[in-house]
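The values are calculated or read from the model by the stated rules, or taken from the named source; none is laboratory data. Computed from a prediction, not measured in an experiment: that's the story for all the values here. Here the Cβ positions follow ideal geometry from the backbone for every residue, glycine too, while neighbour counts run over all protein chains shown.
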Amino acid sequence: MVRMVSATELKPTTYAWPVETAGLRVKAGRHLAVNDLDLRLGNGVHGLLGPNGAGKTTLMRALSTVHRPSGGQLRLLGEEATNGRVLRPLRRRLGYLPQHFGFYPRFTVREYVEYMAWLREMPKTAIPGAVQRAVERVGLTSRADSRLKTLSGGMLRRVGIAQAIVNDPDLLLLDEPTVGLDPEQRVEFRTLLRELGADSCVVVSTHLVEDVVAACSNVVLVNEGRLVWQGLPAELIERGEHGGAGDSPAERGYTSFLTSHRSAS
Ligand SMILES: Nc1ncnc2c1ncn2[C@@H]1O[C@H](COP(=O)(O)OP(=O)(O)OP(=O)(O)O)[C@@H](O)[C@H]1O
């Protein structure tokens, strides 16, 4: 069988890593929430794990260019993201689902996703088709003309995912995307993640170690703003077979890496 090649795969890239940070520092208020972080992420789905307050949301905000780093290097899609002149074209190639996203409750699903496509400066003629596809991909076709104020929390989260993917971003950042999704939707979402990661760089911040194992090609574990460990889900599971607290090998691997990191620092 001949495999279909996407436009993204044919597009020449001049960078090795869609996300590259060196000594990155990002403040949240006065607190240095990301502290001297060195990270390289290629295409694929990266699960960003860490305890409460580890700096995941702050890092996602910096990667989305919403929050300016206070030091270090941040290269996104081959561009120096601290350079204000590249931000506008760079943002057209990003998709971002914030932990809490604001919306106008009287918008319908379609109107909201269209509005976000317009903000990302998508060509006008491409918007209706792209919106339809994004809404279909998150399983909301039958609610496309419902007002946002009438949707459940899980449905709203799916609207958030639809707006993040509407422009087929080269770098997609999803902060806690599975919060509120029912088990069936979570399984479907994992399939969508794997599809999206085939030809783009997807970073998913989550507390659900099982989601990471099921849908991610790479795990990034952070604590107190620093990188604790980066590797394959299979390596996390392997680590959990030798100790750590938790209900599954992956959870035990997670706690084992964190415990070792804390005792070493
Ligand atoms: N506006 C702020 N002012 C001061 N400190 C802040 C602010 N926002 C976040 N912090 C602190 O920065 C650290 C990192 O917060 P962040 O929200 O990035 O963590 P997180 O890993 O996303 O946590 P969670 O898993 O609970 O969402 C925490 O210690 C938090 O208390």
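Determine whether the range 94-111 contains at least one residue that is of a type in the set (Lys, Arg) and under 29 Å from Arg75 (Cβ atoms). Please lay out each step first, then the result.
First pass over the range 94-111, keeping only residues of a type in the set (Lys, Arg): 106, 110.
The next check asks that each one be under 29 Å from Arg75 (Cβ atoms); those that pass are none.
The answer is no; no qualifying residue exists.
Summed over the range 21-40, the residues that are buried (at least 20 other Cβ atoms within 10 Å of the Cβ) and under 14 Å from Thr82 (Cα atoms) give a count of 3. Among the residues of the range 149-164, those that are more than 16 Å from the ligand (Cβ to nearest atom), more than 30 Å from Tyr15 (Cα to Cα) and either of a type in the set (Val, Ile, Thr) or touching a residue at least 24 places away in the same chain (Cβ under 8 Å) (or both) comprise Lys149, Thr150, Leu151, Ser152, Gly153, Gly154, Leu156, Arg158, Val159.
Would you call Ala62 touching a residue at least 12 places away in the same chain (Cβ under 8 Å), of a type in the set (A, V, I, L, M, F, W, C) and touching a Ser or Thr at 6+ places or on another chain (Cβ under 8 Å)? Walk me through how you get there before you give the answer.
Values: touching a residue at least 12 places away in the same chain (Cβ under 8 Å): yes; of a type in the set (A, V, I, L, M, F, W, C): yes; touching a Ser or Thr at 6+ places or on another chain (Cβ under 8 Å): no.
So Ala62 fails the test.
Could you pull out the residue among Val212, Val222 that is at pLDDT below 95, touching a Gly at 6+ places or on another chain (Cβ under 6 Å) and within 16 Å of the ligand (Cβ to nearest atom)? Steps first, answer last, please.
Details: Val222 fails: at pLDDT below 95.
When all the criteria are applied, what remains is Val212.
Among the residues of the range 42-78, those identified as surrounded by fewer than 22 Cβ atoms within 10 Å (Cβ to Cβ) and assigned to a strand (DSSP E or B) are Gly44, Gly71, Gly72, Gln73, Arg75.
Name every residue in the range 90-101 that is touching a strand residue (DSSP E or B) at 6+ places or on another chain (Cβ under 8 Å), not in a strand (DSSP E or B) and not charged (D, E, K, R), in order of residue number.
At the first step, the residues of the range 90-101 found to be touching a strand residue (DSSP E or B) at 6+ places or on another chain (Cβ under 8 Å) are 90, 93-99.
Filter once more, keeping what is not in a strand (DSSP E or B): 90, 93, 98-99.
Answer for the range 90-101, where residues must be touching a strand residue (DSSP E or B) at 6+ places or on another chain (Cβ under 8 Å), not in a strand (DSSP E or B) and not charged (D, E, K, R): Leu90, Pro98, Gln99.
Scanning the range 73-121 for residues that are closer than 26 Å to Thr206 by Cα and of a type in the set (A, V, I, L, M) yields Leu74, Leu76, Leu77, Ala81, Leu90, Leu94, Leu97, Val109, Val113, Met116, Ala117. Scanning the range 79-102 for residues that are in contact (Cβ under 8 Å) with a residue 24 or more places away in the chain and either surrounded by 16 or more Cβ atoms within 10 Å (Cβ to Cβ) or within 16 Å of the ligand (Cβ to nearest atom) (or both) yields a total of 10.
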